[in-house]
Amino acid sequence: MRAILYVGHGTRLKKGVDEAIRFLDKTKSFVEAEIQETAFLELVEPDIQGGVAKCINQGAIHISVVPILLLTAQHAKEDIPAEIKIAKERFPHVTFTIGRPFGIHPSLIETVYERIVEQQVPINADTEVLLIGRGSSDNAVVRDMAKISEKLKTTYGFKEVKSCFLYGTGPSFDQTLVELKSKQTKQVFIVPYLLFSGLLSVGIEKKIRALDLDPSSVILCNHLGYNERVRNVLLERVQEVF
């Protein structure tokens, strides 16, 4: 039997965990696979080994591992493959395939624009957008976010779209906020390029409030979340490996 193991990031915030589980439970109804389980990279059970065991206990001999990750970084390149290597050693009779993260996808760029529009604030001709990524030590993340920013800019005609990061390489969120306050931009939409509610989202909101930025010109939008477009991207990734 074949199985799908969805691997989410994990968060200490229960709301974020609940969002992920609801999203995946609904997504499973669109996939014709008898065995579908969910695991998390960190902070939430089951972990990947636990998820693999649940699949095998139901008779799986081929497991397709599908990362619920926006970009290809350490989790996708190293952490998940390392866990699957351990699983292969424990269960040599089982075949494993690992899918791709979501990557640079038009549906996700559309979702960013949706998060801006839903603020119901007229978009000015000189409007700027700031995307906030989780961050990584992998320079590929910086390059991918730059490509996403450029696509958002050219697709929707924004004056400027920039990206910054909560940690790792690339422009830092803290420094970018300070520059934003001193620059006195007429209108900027800030969009957390994150899938779920978590402590990172809470931290972003706190830091923006702490700087006392004008809410009429600096507009914090919701994170991407789990909408139909995001689900369709995930279903594409499932079809690639299952």
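The values are calculated or read from the model by the stated rules, or taken from the named source; none is laboratory data. Predicted, not measured: the structure shown is a model, and the values here were computed from it. Ideal geometry is used to build each Cβ from the backbone, glycine not excepted, and the neighbour counts take in all protein chains shown. With ligands, DNA and RNA removed, areas are computed over all heavy atoms of the protein, side chains included. Shrake-Rupley method; radii C 1.70, N 1.55, O 1.52, S 1.80 Å.
Points to keep in mind about this one:
- In percent, rounded to a whole number, the relative contact order of the chain is 22, using alpha-carbon pairs under 8 Å and six or more apart.
- Rounded FRET efficiency, nearest 0.05, which uses the C-beta distance separating Glu110 from Lys28 and R0 of 22 Å: 0.40
- For the chain, accessible area per residue (1.4 Å probe, heavy atoms of protein chains only), Å²: 48
- Computed helical MRE - 222 nm, the chain, DSSP H runs ≥ 4 contributing -39500 (n - 2.57), nearest 500: -13500 deg cm²/dmol
- Seen against the Cα atoms of the chain and their longest principal axis, helix 48-57 is set at about 40 degrees.
- Spread of Cα-to-Cα distances over 5 Å intervals beginning at zero, given as percent, for the stretch 119-225: 2, 12, 24, 26, 22, 11, 2, 0
- Listed peptides 12-22, 136-146, 188-198 by packing density, highest first (mean Cβ within 10 Å): 188-198, 136-146, 12-22
- Restraint check, Lys153/Lys181; Lys28/Lys77; Lys54/Lys207, Cα-Cα greater than 31 Å: Lys54/Lys207
- Positive-pole candidate from Ile98, Ile80, Asn124, dipole of the chain, charges at beta carbon: Asn124
- Neighbour net charge for Cys221 - beta-carbon separation under 10 angstrom, K R +1, D E -1: -1
- Compared with the dominant principal axis of the Cα atoms in the chain, helix 139-156 is inclined by about 60°.
- Under 5 Å, built H, 5+ apart or other chain: amide partners of Leu69: Phe102
- Cα-based helix-to-principal-axis angle, 80-90 vs the chain, degrees rounded to 10: 10
- Charging the Cβ of each Asp and Glu at -1 and of each Lys and Arg at +1, and nothing else, the dipole of the chain about its Cα centre rounds to 140 debye.
- Between the stretch 1-59 and the stretch 112-142, the Cα center-to-center distance that results, in Å: 29
- Under-5 Å amide H pairs with Ile98, H placed in peptide plane, nonlocal only: Val65
- Sites Ile61 and Glu228, calculated FRET efficiency, Cβ-Cβ separation with R0 25 Å, nearest 0.05: 0.15
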